[in-house]
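The values are calculated or read from the model by the stated rules, or taken from the named source; none is laboratory data. Everything quoted here is computed from the prediction, not taken from an experiment. Quick reminder, even Gly has a Cβ in these numbers, built from the backbone with ideal geometry, and neighbours come from all protein chains shown. The accessibility values were calculated without ligands, DNA or RNA, using every heavy atom of the protein model including side chains. Shrake-Rupley method; radii C 1.70, N 1.55, O 1.52, S 1.80 Å.
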Amino acid sequence: MNLKYASDLPYPEITVCENLQEAKMLLPSYAGTVSELTSILSYAFQSYISQGKPELRACLEGIARCEMYHHELLGVTITKLGGFPVMGARSYWNGSFVNYTIDPKKFLQQNILAEENAIRNYERTILNLSSPQVKTLLERIILDEQVHIEDFHELLKTL
């Protein structure tokens with residue numbers, strides 16, 4: 001099985017002018033209900049309960065690390081845009097957003113849906129942004145989310 005966790009393409013350098021409205025548009029993907037923060041903690045939980053399945057655990061840890069990098073990129077971009085990267089978009093983030101499903105087959109299927117939702121959210125955000133660099137960043141993150149979907153599909157085949 002060839003699990004990858006991320007695209008090979010580089011991430012863009014972000015140098016933007018202050019734009020608080022665009023910073024606010026990134027907050028839901030940064031730390032909303034369907035967000036990088038939620039993905040990080042969902043995949044971390046899933047890796048902890050996958051002790052007897054080393055390939056599954058390694059994949060979940062690898063994808064969680066990739067999501068952590070997305071979280072960092074978004075947080076830095078929000079700050080450069082003049083915003084504050086708070087853990088919450090329209091309301092504060094909380095632990096009920098984490099996917100606590102314990103059946104690997106079910107949580108992998110739910111992870112695929114979550115990644116697809118994240119992609120749709122990024123695509124909608126891109127349509128409303130004016131900054132080409134921020135759009136490019138989100139397009140690059142989408143490539144990783146597509147890799148995650150492929151990896152989760154590959155893991156499902158082994159269960």
Toy charge model, Lys and Arg Cβ at +1, Asp and Glu Cβ at -1: segment 97-154 dipole around Cα centroid in debye, rounded to 20, equals 260
Apply the membrane-span-like helix rule to the chain: whole DSSP H runs, Cα extent along the own long axis of at least 24 Å, mean Kyte-Doolittle hydropathy at least -1.0. List the helices found.
54-80, 104-128, 132-158
Enumerate lysine pairs in segment 12-159 that are 8 or more residues apart or on different chains, then count those whose Cα atoms are under 16 Å apart.
8
Rounded to the nearest 20 debye, what is the charge dipole size of the chain about its Cα centre when +1 sits on each Lys and Arg Cβ and -1 on each Asp and Glu Cβ?
360
Return the calculated 222 nm mean residue ellipticity for the chain, to the nearest 500 deg cm²/dmol, obtained by summing -39500 (n - 2.57) across DSSP H runs with n ≥ 4 and dividing by the residue count.
-22500 deg cm²/dmol
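Provide the FRET efficiency to the nearest 0.05 for the Thr15-Met87 pair, computing r from the beta carbons and using R0 = 25 Å.
Between Thr15 and Met87 the formula returns 0.50.
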Taking segment 30-116, how much of its Cα-Cα pair set, in percent, is spaced more than 17 angstrom apart?
48
What is the spin-label model distance, in nm, from Ser130 to His153 if the labels are put 7 Å beyond Cα along the C-beta direction?
3.8
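Please report the carbon-and-sulfur percent of the accessible area for segment 1-69; probe 1.4 Å, protein heavy atoms only, DNA, RNA and ligands left out.
Using a 1.4 Å probe with all protein chains present, segment 1-69 comes out at 56 percent carbon and sulfur.
If you wrap a convex hull around the Cα atoms of the chain, how much volume per residue is inside, in Å³? Mind dumping the intermediate values first?
Numbers: hull volume 14.8 nm³, N = 159.
So the per-residue hull volume is 93 Å³.
I'd like to check one number: the per residue accessible area of segment 102-151, probe 1.4 Å, reported in Å² as a whole number.
On the way: 2380 Å² over 50 residues.
For segment 102-151, the per-residue accessible area is 48 Å².
Assuming R0 = 22 Å, can you tell me the calculated FRET efficiency for the pair Gln110 and Ser7, based on Cβ-Cβ distance, to the nearest 0.05?
Numbers: r = 23 Å, r/R0 = 1.03.
So the FRET efficiency works out to roughly 0.45.
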